[in-house]
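This report concerns only the one structure given below.
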Amino acid sequence: MTPGVPRWLLAPAALGAAFVLLPLVAIVVRVPWGDFGELVTSEASREALLLSLRTSATSTVLCVLLGVPMAAVLARTSFPGRAVVRSLVLLPLVLPPVVGGLALLYTFGRRGLLGETLEVLGVQVAFSTAAVVLAQTFVALPFLVLSLEGSLRTAGERYELVAATLGARPTTVFRRVTLPLVLPGLLSGAVLAFARALGEFGATVTFAGSLEGVTRTMPTQIYLLRETDADGAVALSLLLVVVAVLVIGLATRGRAADRGLA
């Protein structure tokens, strides 16, 4: 044991680990292994998985395009109300997903804030694959912003200041110094955003619905199967758990590399 970790912490730490791991063990025990391959490769399951992977990848790209500038502004600039803006940006972390879905519906739905204008232009967002992407981006974006903002603050500004004194323009400094410096944190945040998007359910169902092959993602498929095919629901749940473990492993490696560069 290290000096900063007293032995009495072992008991509650073990209890917390058991609280997290035992439900996962219960899923593994409950899986009908004889039919596992057939259950996870059914046509509906394949469509749901492929749709989840496509939309999660797209939403991750959107998170990077929007989240990198947001994190840079929050970490490197000072302006009145920055704390309030930061709180609002991170709000989806604590907001119930269903509330997020309603907010998106009242924004992009047919009678929403922007929906009527989009309808005139012939664009329908709600209850489409685009709605899935928007819902996933809404809930996943704060993960990337929070991760990258932390990396930017940890890295400091000394290298950027040196580059600026040598005559580099702000865009050059950001592209050649800042981004390479925090790249592990960016990759870690992107992986976490992908994982959050892959597991999104509440906002997606509320805003996009459940249309097979169009908006029915893996979490939605699992939710529907739990009433009619419990074995299928358990098998798909285990598949998502495995994917989540792999994703978290990649994110952890990214954070470790980020600390090594700091």
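General observations
- Within the accessible area of the chain (1.4 Å probe), percent carbon and sulfur: 70
- Estimated at the nearest 10 Å², the accessible area of residue 222 is 30 Å² with a 1.4 Å probe.
- Global form of the range 92-193, assessed from the alpha-carbon gyration tensor, a/c cut-off 1.5: prolate
- Using a simple spin-label model with pseudo-atoms 7 Å out from Cα toward Cβ, residue 153 and residue 43 lie 5.2 nm apart.
- The candidates 175, 196, arranged from most to least accessible area with a 1.4 Å probe in the full protein assembly, appear as 175, 196.
- Of the residues 169, 216, the one with the largest accessible area comes first in the ranking 169, 216, computed with a 1.4 Å probe on protein heavy atoms.
- Among (1) 21.4, 67; (2) 18.1, 55; (3) 25.8, 76, the entry derived from the coordinates for Rg and Dmax of the Cα atoms in Å: (1)
- Taken as entire DSSP H runs, the helices of the chain that both span 27 Å or more between Cα atoms along their own long axis and average 0.5 or more on the Kyte-Doolittle scale are 10-30, 43-76, 129-155, 230-261.
- Cβ-derived FRET efficiency at R0 35 Å, residue 91 paired with residue 168, nearest 0.05: 0.50
- Across 231, 35, the residue with the most accessible area heads the list, and the full order at a 1.4 Å probe is 35, 231.
- Averaged over its residues, the range 125-181 has an accessible area of 51 Å² per residue, based on protein heavy atoms and a 1.4 Å probe.
- In plain terms, the C-alpha convex hull of the range 4-123 casts an average shadow of 14.5 nm² when viewed from every direction.
- Taking all Cα pairs closer than 8 Å and separated by 6 or more residues, the relative contact order of the chain comes to 29 percent.
- Largest-first ellipsoid semi-axes for the range 129-262, taking √(5λ) over the Cα gyration tensor eigenvalues, angstrom: 39, 17, 9
- In plain terms, the chain from residue 84 to residue 211 could stretch by 42.0 nm, reckoned as 0.36 nm per residue minus the Cα-Cα distance.
- Working from label points 7 Å from Cα in the Cα-to-Cβ sense, the residue 36 to residue 106 distance is 4.5 nm.
The values are calculated or read from the model by the stated rules, or taken from the named source; none is laboratory data. As the structure is a prediction and not an experimental result, all values here were calculated from the model. Note that we place each Cβ from the backbone using ideal geometry, even for glycine, and neighbour counts take in every protein chain shown. Areas reflect the complete protein model, heavy atoms only, side chains present, ligands, DNA and RNA absent. Shrake-Rupley method; radii C 1.70, N 1.55, O 1.52, S 1.80 Å.
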